[in-house]
Structure formats: structure tokens, C-alpha cells
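Step one of this worksheet: look at the structure below.
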Amino acid sequence: MPRIITYSRPNSLRTAEATQPRQRCSACTTILYELVRLDLSSAFDTVDRSTLLTVLDRRREPAMDWFSSYLSDRTQTFCASGVMSGPISVTCSVLQCSVLGPVLFISYTEDVTLIFDSHKVSRPLYVDDKQAYVSVPAKNVSLARQTLESCISDITSWCASRRLQLNAAKT
């Protein structure tokens, strides 16, 4: 326990002695958190490669020629019942299981943070997992819901512009 307290105090963490119930004062209010988990359907499979190249070019990506070569003019073949298909052009998707796939997906979606910020909504993001939440006094729950609904509406429009889709069953 002393090691935890030694670490906790300088790092502004609450120690065991600080977890005791506090006296309530007239200025104290109950804070509630409204949270929405945003799930993208087949996120990595629906990345539009030409849009991704536009996003990377706008960022003045120094390896733009390499990215363009990596993402353009790609084909796939399929084998079913021992019969191989001819080459089929691939215009969307980044490989989720590759090292580069998640990095490209983050680049593709990073400007969604502007929408969260415009609504003053907090947003922990991890590649294709996104959450939106607001913390409000209990008396403002309806305002929190309105804020989140407006934010999600804007995110839905943004997703459509990127050929992404929110999974309504999981959102």
C-alpha cells in the first residue's frame, strides 16, 4: 500500500484514504455521463481508396507516391470449388491485419474529431471503435441527449461522405 500512495499523490490519483464518503455541500451537484458507442459496419472493408489518397494528399504526406502505388490499380482473385477467378479490380478496403491498415484507417477518419469538437462532445477513439459522451449535471440530461443526437446525426452524414456506415444495431 505505501508504494501505491507514493505513486498516487504526485500523480493526482485518489488513494484509499481519499475514497471515504465526502461531506456534501450546497454547491455539490450530481454529475451524469451520457455515453454512446459508435460501431462502424465493415469499417476496414469500406474505405474508399481514392478518398483516402485525397485525405493523405491534403495532409501533404511525404510518401504520397508510395501510398498511391500501394493503394491504386490493385486486383484480387478468388478460388471457389477449385476454379480460379480472373483478376477483379479492388477500389476499396485496407487490410485490417496489416501493420499499415489501421494507420491508414486512422488517417481516413481522423477529421471526424472536428465534429465531436464542434458539439463539445468527448470522444475516446481507437481505430474503428469510437465513443461519444458528455458529462452534465443531473438537471441537464435532456440537453445532453439532444447534444449527442445532433452529434450522431452529423457523424452519420460524415460517414456517408466517406462510404462508411454506422451499424444501427450496435450504436
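Summary of values
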| read-out | value |
| --- | --- |
| Selection from segment 143-168 of residues that are in contact (Cβ under 8 Å) with a residue 40 or more places away in the chain and open to solvent by 80 Å² or more (accessible area, probe 1.4 Å) | 145, 163, 165 |
| Residues of segment 107-142 classified as surrounded by fewer than 17 Cβ atoms within 10 Å (Cβ to Cβ), in a strand (DSSP E or B) and among the aliphatic types (A, V, I, L, M), total | 1 |
| Yes/no for residue 113 being touching a residue at least 24 places away in the same chain (Cβ under 8 Å) and in contact with a Lys or Arg (Cβ under 9 Å, 6 or more places away or on another chain) | no |
| Unique match (being surrounded by 11 or more Cβ atoms within 10 Å (Cβ to Cβ), assigned to a helix (DSSP H, G or I), touching a residue at least 12 places away in the same chain (Cβ under 8 Å) and in contact with a strand residue (DSSP E or B) (Cβ under 8 Å, 6 or more places away or on another chain)) among 39, 45 | 45 |
| Enumeration of residues in segment 55-72 that are surrounded by 12 or more Cβ atoms within 10 Å (Cβ to Cβ), assigned to a helix (DSSP H, G or I) and out of contact with any Asp or Glu (no Cβ under 7 Å at 6 or more places or on another chain) | 55, 56, 57, 68, 70, 71 |
| Residue 157 vs. criteria within 21 Å of residue 57 (Cα to Cα) and either assigned to a loop (DSSP other than H, G, I, E, B) or within 16 Å of the chain's Cα centre (by Cα) (or both) | no |
| Members of segment 89-106 that are open to solvent by 60 Å² or more (accessible area, probe 1.4 Å) and either modelled with pLDDT under 85 or assigned to a loop (DSSP other than H, G, I, E, B) (or both) | 91, 95, 96, 97, 99 |
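Residue-wise test of (1) of a type in the set (Val, Ile, Thr); (2) over 22 Å from residue 56 (Cα atoms).
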position	(1), (2)
88	yes, yes
97	no, no
106	yes, no
123	no, yes
127	yes, no
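The values are calculated or read from the model by the stated rules, or taken from the named source; none is laboratory data. Keep in mind it's a predicted model, so treat the numbers as computed, not measured. Using ideal geometry, Cβ is built from the backbone for each residue, glycine included, and neighbour counts are taken over all protein chains shown. Surface accessibility is based on the protein's heavy atoms, side chains included, excluding ligands, DNA and RNA. Shrake-Rupley method; radii C 1.70, N 1.55, O 1.52, S 1.80 Å.
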